[in-house]
Structure formats: structure tokens, C-alpha cells
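Read through the structure below, which is laid out as C-alpha cells, and then see the notes.
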Amino acid sequence: MKRILTMMATAALVAGLSGCAPYYGAPTVSQSATNQVMRADKGTIRSVRYVVVENNSPVGTLLGAAAGAALGHTIGKGHGKDLATIAGGLAGAYVGNEVSKANAQELTIHLDRGRTIVVVLKGTQFYPGERVRVIYNGNQVGNVEPL
């Protein structure tokens, strides 16, 4: 009897938790996007320009500086160790800043309703002539996705 109750409790737990499981492979949206009315337009990509988005957060730079200083501190003795720590911190800060930058595409999109917009998107891969759907959240472009 105890074994049956344990199996039933386990089945109920698995069934209850499965409702919380994410859909793997599905796009992620922010919490603020829920229950919002958004507008969508269809269009064609006219041109693509590759750009790099600057690092607006000091986190990468700070982590790089800390890691570089820690590595530099393991080198040398006396004043040489101090110089190695400073040089390591500076080199780490530079590398951390560069790693924090993101590749992006600047898309010029001609909408079917006659308007042309320009959008910069990180982590995407679009091509001229490709048909897309542009999703607006208020006056901001929330996403661009292939049709």
C-alpha cells in the first residue's frame, strides 16, 4: 500500500511540475511582453550592414580587470609583482570590454505599407530580399522574424 501511495504522489508531482517546464527551442520573451497588444507589419529587407554594439555595462570590464590582476599577481616578486598585477589588470579590463561587445546587423526594411525603417538587432542573421515580420511594442521594435 505504501508503494502505491508513493507512486501516486510521484506521478502527481511530475504532472504538476510539467506545467512549469519551458518549451525547449521556443523563443524567450520578457515578462513585460505578456498581456500586451503589439502591432506587426510585413516587409522585405533591402540592405544589411554588419555592426558591433558597444559595451554599455562595466561588468565585463570589471571581471576582466579582476581576472587579469589575479593572473598578473602570480608573476614575479617585489616591485615586479606589483607591475605585473597592474599590467594584468589593464590587459584584463581591455579584453573584458572587447568580449562584452556584441555582433549585430543593421537592417533596412521596406514595409509592405510603404514605409522604410532601420533596425539594429543583435545575434541575428538576415539577408537582403528576405521577407520578415516586424513586431512593434509601442513605438519600439520588439522583434524581427523571418516569414
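The values are calculated or read from the model by the stated rules, or taken from the named source; none is laboratory data. All of these numbers come straight from a predicted model, not from anything done at the bench. All Cβ positions, glycine included, derive from the backbone under ideal geometry; neighbour counts span all protein chains shown.
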Exercise for the section: Just name the residue that is farthest from residue 41 (Cα to Cα) out of those in segment 102-120 that are charged (D, E, K, R) and in a loop (DSSP other than H, G, I, E, B). Expected result: 115
Handout entry: Residue ID - modelled with the lowest pLDDT, chosen from residues in segment 121-143 that are in a strand (DSSP E or B) and more than 17 Å from residue 36 (Cβ to Cβ)
Key = 122
Fill in the blank from the handout: So, first residue at negative phi in segment 67-90, second residue outside any helix (DSSP H, G or I) and modelled with pLDDT of 75 or more, Cβ within less than 7 Å, six or more apart or across chains; the pairs are 81/75; 84/75
